[in-house]
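Notes to accompany the following structure.
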Amino acid sequence: MRRISGLFGVLILSVGVLSCGGGGDNSVAPPPPPPPPVCPANTFCLLSSTFSPTTLSVAAGTTVTWKNDTGLAHNVLWDDAAGSAAAGAGDGSGDISDASTTHTRKFVTAGTYAFHCSIHAPGMVGTLTVTP
């Protein structure tokens, strides 16, 4: 009888040790967030309070797009008259007063042109460089 209770004690102790499992964290890490969307070539994507990219370089004669998929109100205003004059006929010319969707401008004059969104100023700025 003593032998049975000794074996029973060893059995209970073994089950107790094995059931603890080491106490480590067995949870699975959440997957990483998806990468940010990539803006198409020759396009400024309008995000919540920034342009992406903030700078872009294109060859003269290129049509540049400003694309807004956020549902937020934006505009695209040139910092000076040279930028406004260079923003030639696309679906309009010069400033884009309502950039709530997608708009284009064609640039034929080389130069560096700064622009901003006055709704989200002072941080929402961009620069377009047009090369010959």
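The values are calculated or read from the model by the stated rules, or taken from the named source; none is laboratory data. Fair warning: this is a prediction, and the values are worked out from it, not measured in the lab. We place every Cβ from the backbone using ideal geometry, glycine too, and count neighbours over all the protein chains shown.
Do we find a residue being in a loop (DSSP other than H, G, I, E, B), closer than 19 Å to residue 38 by Cβ and at pLDDT below 95 anywhere in segment 57-70? Yes - at least one qualifying residue is present in segment 57-70.
Kindly check whether there is at least one residue in segment 89-111 that is assigned to a helix (DSSP H, G or I) and touching a strand residue (DSSP E or B) at 6+ places or on another chain (Cβ under 7 Å).
Just the residues of segment 89-111 that are assigned to a helix (DSSP H, G or I), to begin with: none.
Looking through segment 89-111, none of the residues is assigned to a helix (DSSP H, G or I) and touching a strand residue (DSSP E or B) at 6+ places or on another chain (Cβ under 7 Å).
Taken across segment 76-85, residues that are of a type in the set (S, T, N, Q) and in contact with a Phe, Trp or Tyr (Cβ under 7 Å, 6 or more places away or on another chain) do occur, with at least one present. Checking each residue in segment 67-103 for being crowded, with 19+ Cβ neighbours inside 10 Å, out of contact with any helix residue (DSSP H, G or I) (no Cβ under 8 Å at 6 or more places or on another chain), within 15 Å of residue 130 (Cβ to Cβ) and of a type outside the set (A, V, I, L, M) picks out only 83.
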